[in-house]
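I have placed the structure first, in the form of structure tokens, so that the comments after it can refer back to it.
The values are calculated or read from the model by the stated rules, or taken from the named source; none is laboratory data. In this text the structure is predicted, and so the values were computed from the model without any measurement. Because the Cβ atoms are built from the backbone with ideal geometry, glycine has one as well, and the counts that use them run over all protein chains shown.
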Amino acid sequence: MTFFKIVISDLHLADRQTVLDGFGDRQQSALEGLLSTTANQGFAEDVELIINGDCFDFLALPPYKTDEVIDSSTALEKLEKMIVAHKPFFTALRRFAEHPGRHVTFISGNHDVELGFAEVRERIHEAIGASKGIDFCLSQSYRPLPDVLIEHGHQHDFWNAVQGLWDEKGEPIAVRPATIQLPLGTQYFQQAAYPMSTQYPYFDHFEPSMDLMRQIAMLCLLNPLLVQETAELSMKMLSYKREAAAGANKDGGVQALFEEAMQDFLAFSQDMVMRRPGWQSLPEGEQAEAGQLMQFFRLRESLEWPLAEALAEICIPGPYAMAEDVARGMHTVLANNPAVRYAIAGHTHMMRNDRPKDGTQVYLNTATWTSRYALPARDELTPQLIEWLRQPDWSDVPLRDVTQMVFALIEAEEGNPSHASLCAWEGGMDGHYRILT
């Protein structure tokens, strides 16, 4: 028998009202095209669609609580909004699962840790309406084939790793938990970063992704008051009392504001690290710290340049710590599991194809289906674009669209090694897929 596994991640369905909803008509049309093609019996005898985390964006929707946990009733309240807003999505999954030999499996991510609630899983199953072919992986990782391991990847990211959901072996601690501990990144978003994310949504959609230091540098130029507000909200999350430094020097200018804000966020990071003394995966060695320090001084210097030149410097692509953390973690997974040929993750929103061990093992990252826009180059930073960056209209985005509907396509004959490729769906219902090199 021939098995095909289709792995997608990071769809980010919300209520279609917030700018944080990542699944629009374009994504829906592409999904229907992909599922229609692979539901055809001529495609393969057995096809499994694996949605590898952050399918549902519970983080994008209020209510937000400050007690660091989520409960099932709050999760269900948010889920209902997604079901109402995205009925075609659930219908498409039902039609796919109704075909013989077709299955759908959900894996949880940091934006949908709520899949850990049995009540949430039951409601999703009900909303899809299929009598069979809908499953949920309750473990941290999923092994659909002997030589394939899939996980969302957030457990290798300090800020978004979940505590109390899985044991040391990655198995669920409880099948019906009353509450779930929210990752530190979720808490930070809900209590401090929400205004930044909703007013400047492009930060979550830049390709390649932009780290927090560069985001703060840009906002020091475009909206210094928001930098101060975010710093003040962050300081309220500390385990001790500390006033925000950002904005304390009223006459210090942009450079001073940047220095002060970075002092605040360094204090915030250090306090969060102290809350998780058992964390072993933080990559900050001397080399990483030196790189961060060099970036800080370079950005601080650029803030005194003419505005367009300063923004061009800030928008130069640089290392993205989250992507490197997840890659490092997935490489370790491969090293610890010699029988695994392919380890597949999402979470970072950045595509990746690494081949450690001379290519005998492969780490793939399926990026995201949400809209992605290229970082503006120096010659693109016109006065009009700069004004848009200052006050973005998300209904009319002038940035270069580089969105791709990426998925991993895994093929295996029973008893033989698997073969996996990163692919992209191009077009909508009548589109096609191509293998990415």
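If you check Leu35, Leu59 for being assigned to a helix (DSSP H, G or I) and in contact with a Ser or Thr (Cβ under 6 Å, 6 or more places away or on another chain), only one passes: Leu59.
Restricting attention to segment 32-68, the residues being under 25 Å from Tyr142 (Cα atoms) and in contact with a strand residue (DSSP E or B) (Cβ under 8 Å, 6 or more places away or on another chain) number 20. Exactly one residue out of Glu151, Glu171 is surrounded by 21 or more Cβ atoms within 10 Å (Cβ to Cβ), at pLDDT 95 or above and in the same structural domain as Asp71 (by TED's automatic domain parsing): that is Glu151.
Across segment 94-106, what is the total count of residues that are touching a helix residue (DSSP H, G or I) at 6+ places or on another chain (Cβ under 8 Å) and crowded, with 19+ Cβ neighbours inside 10 Å?
Qualifying residue count, segment 94-106: 6.
In this structure, is Ala335 at pLDDT 95 or above, surrounded by fewer than 15 Cβ atoms within 10 Å (Cβ to Cβ), of a type in the set (Gly, Ala, Ser) and in the same structural domain as Gly170 (by TED's automatic domain parsing)? Write out each step before concluding.
Values: at pLDDT 95 or above: yes; surrounded by fewer than 15 Cβ atoms within 10 Å (Cβ to Cβ): yes; of a type in the set (Gly, Ala, Ser): yes; in the same structural domain as Gly170 (by TED's automatic domain parsing): yes.
In short, yes.
Within the set Asn365, Asn353, the sole residue that is touching a residue at least 60 places away in the same chain (Cβ under 8 Å) and touching a Gly at 6+ places or on another chain (Cβ under 9 Å) turns out to be Asn365. Residue check: Thr18 meets all listed conditions (1) at pLDDT 95 or above; (2) closer than 22 Å to His125 by Cβ but one, namely (2).
Checking each residue in segment 7-32 for being outside any loop (DSSP other than H, G, I, E, B) and touching an Asp or Glu at 6+ places or on another chain (Cβ under 7 Å) picks out only Leu13.
If you go through segment 318-326 one residue at a time, do you hit one that is surrounded by fewer than 20 Cβ atoms within 10 Å (Cβ to Cβ), more than 24 Å from the chain's Cα centre (by Cα) and touching a residue at least 12 places away in the same chain (Cβ under 8 Å)?
So the first thing to find is which residues in segment 318-326 are surrounded by fewer than 20 Cβ atoms within 10 Å (Cβ to Cβ), and the list is 318-320, 324.
With more than 24 Å from the chain's Cα centre (by Cα) added as a condition, the list becomes none.
No: zero hits.
Between Leu225, Leu238, the distinction of being free of Cβ contacts under 8 Å to residues at least 60 places away in the same chain, of a type in the set (A, V, I, L, M, F, W, C), not in a loop (DSSP other than H, G, I, E, B) and not assigned by TED's automatic domain parsing to the domain that holds Leu381 belongs to Leu225 only.
Can you pull out the residues in segment 241-262 that are modelled with pLDDT of 95 or more, assigned to a loop (DSSP other than H, G, I, E, B) and crowded, with 17+ Cβ neighbours inside 10 Å? Can you show your working first?
If we filter segment 241-262 for residues that are modelled with pLDDT of 95 or more, which is where we start, we get 241-246, 254-262.
Checking the rest, the ones that are also assigned to a loop (DSSP other than H, G, I, E, B) come to 241-246.
If the condition is that a residue be modelled with pLDDT of 95 or more, assigned to a loop (DSSP other than H, G, I, E, B) and crowded, with 17+ Cβ neighbours inside 10 Å, then Ala244, Ala245, Ala246 are the ones that fit.
Of the residues making up segment 173-216, those that are in a loop (DSSP other than H, G, I, E, B) and either closer than 21 Å to Glu324 by Cβ or without any contact (Cβ under 8 Å) to a residue 60 or more places away in the chain (or both) number 10.
Just checking, does segment 396-405 include any residue being assigned by TED's automatic domain parsing to the domain that holds Val7 and over 30 Å from Leu219 (Cβ atoms)? Yes, there is a match, as at least one residue in segment 396-405 is assigned by TED's automatic domain parsing to the domain that holds Val7 and over 30 Å from Leu219 (Cβ atoms). When you check Glu48 against the structure, is it at pLDDT 95 or above and in contact with a helix residue (DSSP H, G or I) (Cβ under 7 Å, 6 or more places away or on another chain), yes or no? Criteria not met by Glu48.
Is it true that Arg123 is part of a helix (DSSP H, G or I) and among the basic types (Lys, Arg)? Yes: the conditions hold for Arg123.
When segment 47-71 is limited to residues that are of a type in the set (Asp, Glu) and closer than 19 Å to Leu20 by Cβ, the one that is surrounded by the fewest Cβ atoms within 10 Å (Cβ to Cβ) turns out to be Asp57. Taking the listed residues Phe117, Phe136, Phe106, Phe158, the one that is in contact with an Asp or Glu (Cβ under 9 Å, 6 or more places away or on another chain), aromatic (Phe, Trp, Tyr) and within 14 Å of Asn52 (Cα to Cα) is Phe106, with no other qualifying. Scanning segment 360-374 finds one or more residues that are at pLDDT below 95 and assigned by TED's automatic domain parsing to the domain that holds Asp157.
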